[in-house]
Amino acid sequence: MDTSHETRHELQTEETAALLTGCILFQGLDPLQLARLLPWNRCRITPHPKRELLALQGNPCTHLGILLEGSLVMEKQDQSGHLFTLRTLAPLEVFGAALLFASDGRHQCNIQTLESTRVFQIPQEEVQKLCAREPQFARNYLRALSLQVAILQDKIELLGYRDVRHRLLLHLQKLFQEQGSLCLTLDHTKTEIAGMLGVARSSLSRELKSMAEEGLLHFHGRHVLLHREETLYIT
């Protein structure tokens, strides 16, 4: 009897379970618990090259996705064909959680890889079974949904401002809260930030230049130096 395949499968299962414990959905569960809990024969790990569409706006959402490696971008396309970046995802972040049990569970945006990635996928019916079987998973799932609602609220607040400056200041406020310094390191390229703010890259560059000329900040590459904290709260 050849047990080499079974041994490799067990090792992969243990390694993946250990990795997944860092995901919000599995917090409070140790790797052994997770290895026993997950329906491995129904889940799958899929590799994807850079710039591949994982989900198309309007298509049904049938699986819960967890990013294992790489990065993803979620982009919404408006009626004129312009793309607006909703968020970018880093390893162990979740997508599809809010859609699996919706009455019309269709993707509300495109999801595309920014680099080579690996994704762990769990079918909708298995997610439902996990919620019923493991209370900790169910609590974590609700936490993940709450986090996504908070992100959506931030995006709605951002879109409430029509001018580039207010949108940019909201983004800089977020970086200031995270980094605790007036010397900020931009978390994305200017092109990516423009997409997140729903503005053209040229408009973002003009606004940064204008604020620099007004003596509010100085920028070079991915670094922005605010001359004073009050700059963040200009109305």
Among the residues of the range 177-207, count how many are surrounded by fewer than 18 Cβ atoms within 10 Å (Cβ to Cβ) and either more than 26 Å from Ala98 (Cβ to Cβ) or aliphatic (A, V, I, L, M) (or both). 16
In this structure, does His171 turn out to be within 19 Å of the chain's Cα centre (by Cα) and at pLDDT 85 or above? yes
Out of (1) over 17 Å from the mean Cα position of the chain (by Cα); (2) exposed (fewer than 15 other Cβ atoms within 10 Å of the Cβ); (3) not aliphatic (A, V, I, L, M), what's the single condition that is false for Cys131? (2)
Of (1) surrounded by fewer than 14 Cβ atoms within 10 Å (Cβ to Cβ); (2) in the same structural domain as Leu20 (by TED's automatic domain parsing), Leu159 satisfies every one except (2)
For the range 147-200, which positions are in a loop (DSSP other than H, G, I, E, B) and in contact with a Leu (Cβ under 8 Å, 6 or more places away or on another chain)? Tyr161, Leu182, Leu186, Asp187, Gly198
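For (1) farther than 30 Å from Leu225 by Cβ; (2) modelled with pLDDT under 90; (3) of a type outside the set (S, T, N, Q), each residue gets a yes or a no:
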residue: Arg139; (1), (2), (3): yes, no, yes
residue: Ser146; (1), (2), (3): yes, no, no
residue: Ala150; (1), (2), (3): no, yes, yes
residue: Ile156; (1), (2), (3): no, yes, yes
Going by the structure shown, is Thr231 assigned to a helix (DSSP H, G or I) and crowded, with 17+ Cβ neighbours inside 10 Å? yes
Residue identified as at pLDDT below 95, of a type in the set (D, E, K, R) and crowded, with 17+ Cβ neighbours inside 10 Å among Arg106, Arg44, Arg87, Arg36: Arg87
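The values are calculated or read from the model by the stated rules, or taken from the named source; none is laboratory data. Bear in mind the structure is a predicted one, so any value in this text is a computation, not a measurement. In this analysis, Cβ positions are derived from the backbone assuming ideal geometry, glycine residues included, and neighbour counts consider all displayed protein chains.
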